[in-house]
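What follows is a set of notes on a single structure, which appears directly below.
The values are calculated or read from the model by the stated rules, or taken from the named source; none is laboratory data. Keep in mind that what you see is a predicted model, and the values were worked out from it rather than measured. With ideal geometry, Cβ positions are generated from the backbone for all residues, glycine too; neighbour counts draw on all protein chains shown. Please note that ligands, DNA and RNA were not included when accessible areas were found on the heavy atoms of the full protein model with its side chains. Shrake-Rupley method; radii C 1.70, N 1.55, O 1.52, S 1.80 Å.
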Amino acid sequence: MHIGIFGAGSIGCFVGGRLQVAGETITLVGRDRLRGEIEEHGLIVSDFGERLTMSGGEVRYVTGPAALADCDAVLVCVKSAQTAEVAEQLDGIVGPDVVVASLQNGVRNPATLREALGSRPVVATIVEFNVVSKGEGVFQRGTDGGLIVEEVDGAGALIAALQRSGLGVKVTADIAPEQWTKLLVNLNNAVVALTDAPTPVLMSDGTLRRVIAAIIEEAAGVLEAAGIRVAKLRGLPVSWMPRILRLPDAIARLVLRAQMKADPDARSSMWEDLHRGRTTEVDFLNGEIVHLAEKHGLQAPVNAAIVRLIRDAEATGTGSPALTPTALAAALGITN
Ligand SMILES: NC(=O)c1ccc[n+]([C@@H]2O[C@H](COP(=O)([O-])OP(=O)(O)OC[C@H]3O[C@@H](n4cnc5c(N)ncnc54)[C@H](OP(=O)(O)O)[C@@H]3O)[C@@H](O)[C@H]2O)c1
């Protein structure tokens, strides 16, 4: 297949690189900064210590979307705020049978794409793992997990290509509950961004675990009140997450380590956004919970405070405010 990646940053370069290693023809569409980096160093996909290198010459990285006209499928990998804009561009470029997949977080992106793309198949796809752009062409997967892909008519060839990439693909016709569960997990992206703590520290620090428990508990309550179904997380009911997070340190670490493998320096893409002075996706994650709560006459004060803290950090433009766990808990009004 010829697969285009629209928004070739961390996820786009990693997934695109894996697809190219597996034999697909890939066109990456992104920004000048990464084009230059990949031209100089090549594209290096790093997967838990294993590095797969493609020489710069073999990788097609362009900065304009016109090249997507030749593609059989396009993976949309921009941040959520840019989806409407790229959907409109795609509509004017790709043919009527092209399959478009959203590899983005949040729950709104596939609908935004469908609205612009008419009868073309749009596939919601959940990326369970985390990828960080390490510089010098290296895109490193930092946690385990695979892809959850929506079963959609006309998307069989794309799904088969993703399966050949070895990324671990689960196909489901009922993706909405999986999207909401992923959103609950992504609520902790802001905690990484605000504290500058790598993901494994989040799991080992008792105060940060209690902060995350409060954020998720509040959000899960809002989803329940709104009648939204959620999927199990790695085989466990989502309602168990806050309870596990509040277990004593030694037991919680054991349980969480068994649940998730993470690189010592894995961090969320929201942290990377602050680090690079960009607007984050907080409105589509914690902000989605606040919005849903308001819609149902409820309140979500902890998630609302997270949104405010991230907005403040965006406004300063100096990266993570590096709050201590105690300072973050105090700012959110979490005392236990
Ligand atoms: N990184 C992760 O670990 C991870 C894991 C799971 C899911 N996700 C989700 O995947 C999506 C992408 O995340 P990411 O971390 O890969 O983001 P990213 O590194 O910022 O990559 C997106 C890239 O697309 C570029 N872009 C935006 N609009 C464009 C346009 N019109 N033409 C060309 N390039 C354009 C952006 O450039 P500018 O910044 O200059 O706009 C950026 O370089 C998000 O929804 C995220 O939540 C990420």
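Tabulated values for the structure
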item	result
Reach of LYS134 by Cα under 28 Å, taken over lysines that are not fewer than 8 positions away in the same chain	LYS79, LYS170, LYS182, LYS261
Heavy-atom SASA rank of ASP249, ASP144 (probe 1.4 Å, accessible area, largest first)	ASP249, ASP144
Accessible area (Å², 1.4 Å probe, nearest 10) - ASP32	100 Å²
Unit Cα scatterers, Debye sum, segment 67-195: log10 I(q)/I(0) for q = 0.14 Å⁻¹	-0.65
THR181, THR25, reordered so the largest accessible area comes first (probe 1.4 Å)	THR25, THR181
Charge sum, other residues only, whose C-beta stays under 11 Å from VAL290's C-beta, Lys/Arg counted +1 and Asp/Glu -1	-2
Tilt relative to the chain, helix 10-21 - C-alpha long axis, 0 to 90 degrees, to 10	40 degrees
Area of GLU85 that stays accessible when all protein chains are in place (1.4 Å probe, Å², to 10)	110 Å²
The chain: calculated mean residue ellipticity at 222 nm from DSSP helix runs of at least 4, using -39500 (n - 2.57)	-13500 deg cm²/dmol
For the chain, accessible area per residue (1.4 Å probe, heavy atoms of protein chains only), Å²	42 Å²
Solvent exposure, largest accessible area first (probe 1.4 Å, DNA, RNA and ligands not counted), of LEU187, LEU233	LEU233, LEU187
Rounded to 5, the percent of DSSP beta bridges in segment 2-173 classed as antiparallel	30 percent
Gained length - THR324 relative to HIS2, 0.36 nm times residue gap less alpha-carbon distance	111.3 nm
Label-point separation in nm, THR316 to LYS232, each point 7 Å along Cα→Cβ	4.2 nm
Rounded if a/c under 1.5, otherwise prolate or oblate - segment 1-120, Cα gyration tensor axes	prolate
Solvent-accessible surface (1.4 angstrom probe) belonging to THR335, in square angstrom, nearest 10	140 Å²
Antiparallel bridge percentage (DSSP; both residues within the chain; nearest 5)	35 percent
Sparsely packed GluC sites (Glu not before Pro) within segment 125-227, loop by DSSP, other Cβ within 10 Å at most 11	GLU136
Whole-percent carbon and sulfur share, accessible surface of the chain, 1.4 Å	50 percent
